[in-house]
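Working notes, structure below.
The values are calculated or read from the model by the stated rules, or taken from the named source; none is laboratory data. Given the structure is predicted, the values throughout are model-derived calculations rather than measurements. Heads up, the Cβs are rebuilt from the backbone with ideal geometry, glycines too, and the neighbour counts pull from every protein chain shown. The accessibility values were calculated without ligands, DNA or RNA, using every heavy atom of the protein model including side chains. Shrake-Rupley method; radii C 1.70, N 1.55, O 1.52, S 1.80 Å.
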Amino acid sequence: MGMTAGLEGSITALAIFLFINSITPGPNNLMLLHGSIKRGFWACRWHMLGITTGVAVMLGLSYWGMATLVVSFPAIMLTIKVLGTLYLLWLTYHMAKTDFTAVVNEALQQELASKTSGATTAKNRVGELPLSFGQALLFQWLNPKAWTMTVVAPSLAMFHTSSSWLDNQVLLIMCAIINILSISCWAAGGHWLRKLVHLPRMMRVIHALIVLMTLYCAVMLWR
């Protein structure tokens, strides 16, 4: 028997949907912005890979039936919203009490020292930004924006083949590429903003905006 394949929906619509959800402000991008200002773009590489891997895994599970499960049981999404809100409020508190300028200066000095001596910088504490690969991956399961994106995606485009485990692999790869390129823009932007460390007042304004936007994300989960 020959393999049959069909596509429901539009790949273009899916790509636009994934891009808009990946590039617009949200918990992931604000955490990357904050973390890259503190530690630089390269220090966020595992955080970015964790986000992309987590979203790809969730999207794959949604194509294999998880989306239907979440839609059928609203209590699941309610639990995610509660846990996600608590985490964002906890994160907002820790962001707010950070002396941003001092942290950035310390990180820059450590980077300079590591280049001259070959020493490595200390690892982040659990939950400190930027997150590790595992922490960023697990956070996606508490991120309602990631859930919305991965639950809606199968309704926009879905391949059907005779080999179920191969279904939608192309779409998952497309999602991963769009996601990593989009969130990288935020990490790159944060890295560029480190140039303003010699302007403490400007750094305080930027820090306050990131904190307020993260708090806004927590509130908007319930709109």
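Solvent-accessible surface of the chain, averaged per residue with a 1.4 angstrom probe and all protein chains in place: 53 square angstrom. Fully extending the segment from Leu83 to Glu111 would add 6.6 nm, taking 0.36 nm per residue of separation and subtracting the current Cα-Cα distance. According to the calculation over all Cα-Cα pairs in the chain, the P(r) per 10 Å bin from zero is 8, 31, 32, 18, 9, 2, 0 %. A straight Cα-to-Cα reach below 18 Å connects Lys38 with the aspartates and glutamates Asp99, Glu106, Glu111, Glu128, residues fewer than 8 places away in its own chain not being considered. Overall, the accessible surface of region 68-112 at a probe of 1.4 angstrom is composed of carbon and sulfur to the extent of 71 percent.
Computed packing ranks the peptides 184-191, 215-222 as 184-191, 215-222, most packed first, by mean other Cβ atoms within 10 Å. Placing +1 on each Lys and Arg Cβ and -1 on each Asp and Glu Cβ, with no other charges, gives the chain a dipole about its Cα centre of roughly 720 debye.
Helix screen, the chain: DSSP H segments with Cα axial length of 27 Å or more and mean Kyte-Doolittle hydropathy at least -0.5 are 74-96, 169-193, 200-220. Suppose R0 equals 22 Å; then what is the FRET efficiency for Val170 and Ala13 from their Cβ-Cβ distance, rounded to the nearest 0.05? Working from the Cβ atoms, E equals 0.90. Relative intensity of region 8-82 on a log10 scale, I(q)/I(0) at q = 0.22, 0.23, 0.25 Å⁻¹, equals -1.16, -1.19, -1.22, per a Debye sum over C-alpha point scatterers of equal strength in the absence of solvent. Were the residues from Ser155 through Leu138 laid out at 0.36 nm apart, the gain over their Cα-Cα distance would be 3.7 nm. Dipole of the chain computed with +1 at Lys/Arg Cβ and -1 at Asp/Glu Cβ about the Cα centre; of Met202, Leu171, Trp64, farthest Cα towards the positive end is Met202. Dividing the Cα radius of gyration of region 134-204 by its Kirkwood radius returns 1.17 for Rg/Rh. The Rg/Rh ratio for region 18-61 is 1.00, where Rg is the radius of gyration of the alpha carbons and Rh is the Kirkwood radius. Residues Thr12, Thr214, Thr98, sorted by accessible area with the largest first, give Thr12, Thr98, Thr214 [1.4 Å probe; ligands and nucleic acids excluded]. Taking every alpha-carbon pair under 8 Å whose residues sit at least 6 apart, the chain reaches a relative contact order of 48 percent.
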